[in-house]
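A short worksheet on the structure shown next.
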Amino acid sequence: MKIEKWVQDSAGRLDAVVLLDAGEKPSTVQVLEFVDRQAGAEKIWLLGRATLQRKDNRVLVLTCVLPAMELPQLEGRTAEYRLKPPTDAQVEQQLQALARTRMETSEDEKPARAGDLATLDFDAVLEDGTRFSGSMGRDGRYHLAAGEELPEGVWQTVVGKKAGDGFQCRVQLPYTYEDKRAAGKNAVYTGRVKKIVHQRIPMLNDAFAQSFGQENMTSLRAMIRKRFLEQEAGTARRIVSQRMLHALCDETIVVLPQLAVELEAEYQWRQLENRLEKSGISLDSHLHRLHKTREELDASIRVHAAEDMKLRAVFLAVSRQEGLTASDAETEAAVRATTQGRAGAQIDRMQLRQRLCVEKGMRYVTERMALKPAKMSMR
C-alpha cells in the first residue's frame, strides 16, 4: 500500500487515495491503520471516524483533519471542592465491613444459619429434565447469603439443615443466570449437606482494633474517618476536574467538519442498533419507551455526536499544541488491554490513537488545575 494523494477541502474533509499493490487485499482495519500511520508521518492530525470506498486497486478513505482553533488558558484554572465528614452511622457501617473480614468460625452440630459456609453435593435439572451450566456441585463450599453463587431459594432451603441432612427445593433461576438457556426457568435441586462452618462477627473491642494496627477503637474510628475523607476528596476532585474539562471545551470556539459529526452519528446509530438486537428489543419498542419518534431520536443522536466530536477535537488540539502523541508501544498496550487476549480481534487503531491523545490532552490540563478543598463544615 501507498498513499497516492491526499485531498483536503476547506470544510475539513480529508480524502486519502490508497494505491494497493498487485493482489493486495487488506482489511478495513489494516487500511485505516496504514492511513493513520502515514498521516502521523506527514504531521497531519486526524479527527473522528473514517469511511472507505473500494474500486479496483484503490481505496478512497474519507475522514477529517483536526481544525485550527484558539485554545483558552490551560494552566492555573482553579476550583474548590466541598467535603463533609462521615456520619457516625457511616463510620459504624465501615466498622461492620472491616469486621466481616475478620469473621470467627466454628464447627458443631447446630443447624446452618444465614451467613454460614456450607459444603454441599447437589444435582439440578430444569422442569423438563434438562441439565444446565452449574447444575451439579460436588464438595462445593457455598456462602449462605443473598447475592452469592447459589440461587436464593437453594441457600434458603439449606438454612436450618445440619451436616448429613438431605434437601430438595424448586426454585426459579434468575433472569440474569449465566446459562441463558436456563435463565428465568424453574429448576429442581436435590442434594446433601456435608459440612457446616458457622461464621460470626467478632467483638468490636480494642483487640479487634489492634488487628488493624490501631491502639484502640477510638483510633480505629479515627482511621476510618481519615480514609473516608481521602476517598471523598478523590471522588470530588475527579468530578470537579471533569466539570472543568467540559467548561474548557465550552469556552473553545471551533468549527467542526460536518463529515466528522455525520460519521460519528452513524457510528452511534450502529452501536444502538447492535445493543437493541443483542437485547432482543425492536427499534419501535425502544422508541415507544423513550416517547420519541425516529426523527427525534436521530436529532438527539446528532446532538450527542456533535458534543462528543467537539470534546475530542478540543483535547486533540491540546495534545497537538503541547506535542503529546501516542507512541507505538502505548498503542499496542492499549490494543492488548482492549482485546484482553481475544485471538483475531480487530481493533481500529486510528480511533485508539485518537482516544489516547485525547486522554493525554485531558491529563495535561487536569495536572495543571489548582483544586483545593473548601472549608469543611463540621457536625
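The values are calculated or read from the model by the stated rules, or taken from the named source; none is laboratory data. It should be emphasised that the depicted structure is a prediction, and the values quoted were computed from it without experimental measurement. Glycine also receives a Cβ, built like all others from the backbone with ideal geometry; neighbour counts cover every protein chain displayed.
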**T331 being among the hydroxyl-bearing types (S, T, Y), part of a helix (DSSP H, G or I) and loosely packed, with under 15 Cβ neighbours inside 10 Å** = no
**Prompt:** Just for the stretch 91-126: of the residues that are outside any helix (DSSP H, G or I) and of a type in the set (S, T, Y), which one is nearest to V261 (Cα to Cα)?
**Reply:** T119
**Enumeration of residues in the stretch 51-71 that are closer than 10 Å to A260 by Cβ and among the hydrophobic types (A, V, I, L, M, F, W, C)** = C64, V65, L66
**Fill in**
Flagged in the stretch 199-221 as assigned to a helix (DSSP H, G or I) and surrounded by 13 or more Cβ atoms within 10 Å (Cβ to Cβ), in numbering order, are D206, F208, A209, Q210, M217, S219, L220, R221
**Asked** Pick from the stretch 31-44 the residues that are surrounded by fewer than 18 Cβ atoms within 10 Å (Cβ to Cβ) and touching a residue at least 12 places away in the same chain (Cβ under 8 Å): which of them is nearest to R13 (Cα to Cα)?
**Response** I44
**Request:** Look through V318, V314, V240 and report the one residue that is closer than 30 Å to L83 by Cβ, touching a residue at least 24 places away in the same chain (Cβ under 8 Å) and touching a strand residue (DSSP E or B) at 6+ places or on another chain (Cβ under 6 Å).
**Result:** V240
**Message:** Take D116 and tell me if it is of a type in the set (D, E) and either more than 34 Å from the chain's Cα centre (by Cα) or not assigned by TED's automatic domain parsing to the domain that holds R192 (or both).
**Reply:** no
**Message:** For the stretch 338-368: of the residues being farther than 17 Å from Q30 by Cα and in a loop (DSSP other than H, G, I, E, B), which is modelled with the lowest pLDDT?
**Reply:** G341
**Request:** Taking I196 as the residue in question, decide whether it is in contact with a strand residue (DSSP E or B) (Cβ under 8 Å, 6 or more places away or on another chain), of a type outside the set (S, T, N, Q) and loosely packed, with under 14 Cβ neighbours inside 10 Å.
**Result:** no
**Message:** For the stretch 106-118, check the following and say yes or no: at least one residue is out of contact with any Pro (no Cβ under 8 Å at 6 or more places or on another chain) and closer than 30 Å to S279 by Cα.
**Reply:** no
**Asked** Quick check: is even one residue across the stretch 306-316 out of contact with any helix residue (DSSP H, G or I) (no Cβ under 6 Å at 6 or more places or on another chain), assigned by TED's automatic domain parsing to the domain that holds R237 and more than 22 Å from L259 (Cβ to Cβ)?
**Response** no
**Asked** For the stretch 255-286, what are the residues that are touching a residue at least 12 places away in the same chain (Cβ under 8 Å) and of a type in the set (A, V, I, L, M, F, W, C)?
**Response** V255, L256, L259, A260, V261, L263, A265, W269, L272
**Message:** Need pairs with beta-carbon distance below 9 Å; first residue under 13 Å from P257 (Cα atoms) and without any contact (Cβ under 8 Å) to a residue 60 or more places away in the chain and within the stretch 2-30, second part of a loop (DSSP other than H, G, I, E, B) and hydroxyl-bearing (S, T, Y); sequence gap 6+ or separate chains.
**Reply:** none
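Okay, residues lined up against (1) among the hydrophobic types (A, V, I, L, M, F, W, C); (2) part of a strand (DSSP E or B); (3) within 22 Å of D328 (Cβ to Cβ); (4) at pLDDT 95 or above:
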site	(1), (2), (3), (4)
K25	no, no, no, no
Q30	no, no, yes, no
E33	no, no, yes, no
R37	no, no, yes, no
L47	yes, yes, yes, yes
R54	no, yes, no, no
L60	yes, yes, no, yes
C64	yes, yes, no, yes
A89	yes, no, no, yes
**Asked** Within the stretch 151-193, restricting attention to residues that are of a type in the set (F, W, Y) and out of contact with any strand residue (DSSP E or B) (no Cβ under 8 Å at 6 or more places or on another chain), which residue is surrounded by the fewest Cβ atoms within 10 Å (Cβ to Cβ)?
**Response** Y175
